[in-house]
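Trainee: Got a structure for you, written out below as structure tokens; questions coming shortly.
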Amino acid sequence: MFDKIFSFFSCQHTNSVDKIILGIGNPGEKYAHTRHNLGFAVVDNLAKDWNISFNKEKFRSLIAFYRFRNKDVLLVKPLTYVNLSGEAAKKMLDYFQLDNQSLLVVVDDISLPVGKNRLRLKGSSGGHNGLKSIIKHLDSECFARLKMGIGENKDCDLVSHVLSRFSDEELPSINDAIVSAKEMCQQWLCQE
């Protein structure tokens, strides 16, 4: 426990960060547990596992620091809403003088089936407005993204679908996907 407290404070005081994991989502209770907030769910679960909390607001985001295997990690939940996620990402990378390869974005993806995760080190936005914003602000598609499947619903419009909650039948797959996503995030942190 002392090590966690010490690394939290030492990281804050030195402004040292090696890696950033940014979960895309919308702030507020209205959007909690929606398909569009899977990124928030993953970083929330990482914070819970690491026994830390999002107790600081900076870069138009809620942030939490943690020392993971000799790396200072910043968990991020932008308060910009999904469509402006790039503003927060750019401010953080600039502030900590990090390149784009130090960033992992966790994001929902309608092109993947519910419960399926896919890690990519670069690529297009795939039509996701949060990724579009990050690509625009970083002027690059070269950053890691962990895409989490939310499925597609041809019976309703896209906005209604991404802002809907998962069905009872989908929840077991989503819970498994969150566990898998946490493991994938930690594997990414271990890569040089």
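The values are calculated or read from the model by the stated rules, or taken from the named source; none is laboratory data. From a predicted model like this one, the values you see are computed outputs, not experimental measurements. Backbone-built Cβ (ideal geometry, glycine too); neighbour counts: all protein chains shown.
Trainee: If Gly130 satisfies every condition in (1) surrounded by fewer than 16 Cβ atoms within 10 Å (Cβ to Cβ); (2) in a helix (DSSP H, G or I) but one, which is the exception?
Mentor: (1)
Trainee: Examine region 42-56 for a residue that is over 24 Å from Asn153 (Cα atoms) and among the aromatic types (Phe, Trp, Tyr), and state whether such a residue exists.
Mentor: Within region 42-56, the subset over 24 Å from Asn153 (Cα atoms) is 43-56.
With among the aromatic types (Phe, Trp, Tyr) added as a condition, the list becomes 50, 54.
The answer is yes; a qualifying residue exists.
Trainee: Mind listing whichever residues of region 13-45 are within 12 Å of Lys77 (Cα to Cα) and among the aliphatic types (A, V, I, L, M)?
Mentor: Ile20, Ile21, Leu22, Ile24, Leu38, Ala41, Val42, Val43
Trainee: Suppose the filter is at pLDDT below 95 and surrounded by fewer than 21 Cβ atoms within 10 Å (Cβ to Cβ); does Asp176 pass it? Steps first, please.
Mentor: Working: at pLDDT below 95: no; surrounded by fewer than 21 Cβ atoms within 10 Å (Cβ to Cβ): yes.
When the stated conditions are applied, Asp176 does not pass them.
Trainee: Cβ contacts < 6 Å: first residue within 19 Å of Arg35 (Cβ to Cβ), restricted to region 113-124; second residue of a type in the set (D, E, K, R) and assigned to a loop (DSSP other than H, G, I, E, B), any location; separation 6+ or different chain. Result?
Mentor: That search, which allows pairs on different chains as well, returns Val114/Glu170.
Trainee: I'm told Trp188 meets every condition in (1) surrounded by fewer than 18 Cβ atoms within 10 Å (Cβ to Cβ); (2) of a type outside the set (D, E, K, R); (3) touching a helix residue (DSSP H, G or I) at 6+ places or on another chain (Cβ under 7 Å) except one. Can you identify the failing condition by its number?
Mentor: (3)
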